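> Dropping a structure here in structure tokens format, bear with me for questions.
The values are calculated or read from the model by the stated rules, or taken from the named source; none is laboratory data. Everything numeric here is computed off the predicted structure, so don't read it as measured data. When we count neighbours, we look across all protein chains shown, and the Cβ atoms used for this are built from the backbone with ideal geometry, even at glycine. Just so you know, the surface numbers come from the protein's heavy atoms only, side chains and all, with ligands and any DNA or RNA stripped out. Shrake-Rupley method; radii C 1.70, N 1.55, O 1.52, S 1.80 Å.
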Amino acid sequence: MDRKPVVIGVAGGSGSGKTSVTKAIYDSFKGHSILMIEQDYYYKDQSHLPMEERLKTNYDHPLAFDNDLLIEHIQKLLRHEAIDKPVYDYAVHTRSSEVVHVEPKDVIILEGILILEDERLRNLMDIKLYVDTDADLRIIRRLLRDIKERGRSMDSVIEQYVNVVRPMHNQFIEPTKRYADVIIPEGGHNHVAIDLMVTKIQTILEQKSFL
Ligand code: CTP
């Protein structure tokens, strides 16, 4: 096994449908050698900070992420070495003590709001995607998800959206669209875009097997 894995970056605003796009690509390769890495799992460890400090963190700023560790892990996977992926707990705003052992695979999908922001990460990618969904749909999805899955109240989601998520989106996330090879409108419902991506990944895999 010596061909270099294919690395795909999937960026887009919070609630844009990155997870659906990633999952649709992943499912198309089911049974093949593919893995997903969520940038969210690489939020900096805050276990040393008290809860009130963790609540003040700006989770939509590039500095919130431990990209050094993420890059180290991708480089290891590219060398066909296994990694111990961190696990993030949104309810307590920090890394959990457990890790997930991940074996190297032929296709690596990296997903996250700011995955295209760091040039070092972009340089590791073969394909860069940006999922482009209107802000009204994104806030509705985020509201429903954060209340159901991340243990938040409606007031706290709205307050965070207006004061942090929206301004950070405009300042840091939206501008990364310019780095995308492909912009996918409407996330996981866009079957044409997903089929095109799957075909492209297959083509790269076939080419790489001859390198
Ligand atoms: N976040 C948070 N609290 C934390 C850590 C992160 O509220 N302790 C939020 C950040 O504000 C950021 C969001 O998590 O905006 C990133 O996740 P998001 O992109 O919304 O979720 P995905 O499921 O990865 O993406 P999508 O909705 O596009 O599928």
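> Calculate, for the chain, the solvent-accessible area per residue in square angstrom, rolling a 1.4 angstrom probe over the heavy atoms of the protein chains.
On the way: 10770 Å² over 211 residues.
Accessible area per residue: 51 Å².
> Report the label-to-label distance for residue 61 and residue 144 in nanometres (one decimal), using points 7 Å from each Cα along the Cα→Cβ vector.
Here the modelled spin labels are 3.2 nm apart.
> Give, in nm to one decimal, the length gained when the segment between residue 174 and residue 3 is fully stretched (0.36 nm per residue of separation minus the Cα-Cα distance).
Stretched out fully, the residue 174 to residue 3 stretch lengthens by 58.2 nm.
> Students often check this: by mean Cβ neighbours within 10 Å, which of 14-24, 137-147 ranks highest, and how do the rest follow?
14-24, 137-147
> Given the pairs 23/177; 105/148; 23/200; 30/177, which are separated by over 24 angstrom at their Cα positions?
With Cα atoms farther than 24 Å apart: 105/148; 30/177.
> Moving on. How many nm is it between the label spots at residue 45 and residue 90, if each spot is 7 Å from the Cα in line with the beta carbon?
Roughly 2.3 nm, to one decimal.
> When 1/r is averaged over all different Cα pairs and the result inverted, which Kirkwood radius in Å belongs to the chain?
17.8 Å is the Kirkwood radius here.
> Considering the chain as a Gaussian network with a 10 Å cut-off on Cα pairs, which listed residue, 37, 127, 158, attains the greatest mean-square fluctuation?
Fluctuation is largest for 158.
> Which cross-chain or sequence-distant (5 or more) residues have an amide H under 5 Å from the amide H of residue 184, H modelled 1.01 Å from N in plane?
Under 5 Å from the amide H of residue 184 lie the amide H atoms of 130, 131, 132, each far enough along the sequence or on another chain.
> What does the charge dipole of segment 76-193 about its Cα centre add up to, to the nearest 20 debye, if the Cβ of each Lys and Arg holds +1 and the Cβ of each Asp and Glu holds -1?
Approximately 100 debye in magnitude.
> With r defined as the distance between the Cβ atoms of residue 181 and residue 30 and R0 fixed at 25 Å, what FRET efficiency is calculated, to the nearest 0.05?
Result of the calculation: an efficiency of 0.55.
> Based on the alpha-carbon gyration tensor of segment 78-179 and its eigenvalue square roots a ≥ b ≥ c, which shape applies: rounded if a/c is under 1.5, prolate if not and a/b is larger than b/c, or oblate?
Cα axes put segment 78-179 in the oblate bin.
> Also, quick follow-up: Whenever you get a sec, compute what percent of the accessible area on segment 51-97 sits on carbon and sulfur atoms (1.4 Å probe).
50
> Express in whole angstrom the spacing between the alpha-carbon centres of segment 147-169 and segment 24-91.
Rounded to whole Å, the Cα centres lie 20 Å apart.
> Using a Förster distance of 22 angstrom, determine the FRET efficiency expected from the C-beta separation of residue 23 and residue 52, and round it to 0.05.
Values: r = 35 Å, r/R0 = 1.58.
According to the calculation, E is roughly 0.05.
> Separation between the residue 200 and residue 76 pseudo-spin-labels, each 7 Å from Cα along Cα→Cβ, expressed in nm?
Here the answer is 2.9 nm between the modelled labels.
> Can you list which of the GluC sites (Glu not before Pro) found in segment 1-90 are DSSP loop residues with at most 16 other C-beta atoms within 10 Å?
Passing both the DSSP loop test and the Cβ count: 81.
> On to the next question. Return the ratio Rg/(2.2 N^0.38 Å) for segment 39-125, where Rg is computed over Cα atoms only. List each step's numbers first, then the result.
Details: Rg = 13.5 Å, N = 87, 2.2 N^0.38 = 12.0 Å.
Dividing the Cα radius of gyration by 2.2 N^0.38 Å gives 1.12.
> List the aspartates and glutamates whose alpha-carbon lies under 17 Å from that of residue 44, not counting same-chain residues fewer than 8 positions away?
Hits, sequence-local ones excluded: 52, 53, 60, 66, 68, 72, 84, 89, 98, 111, 117, 118.
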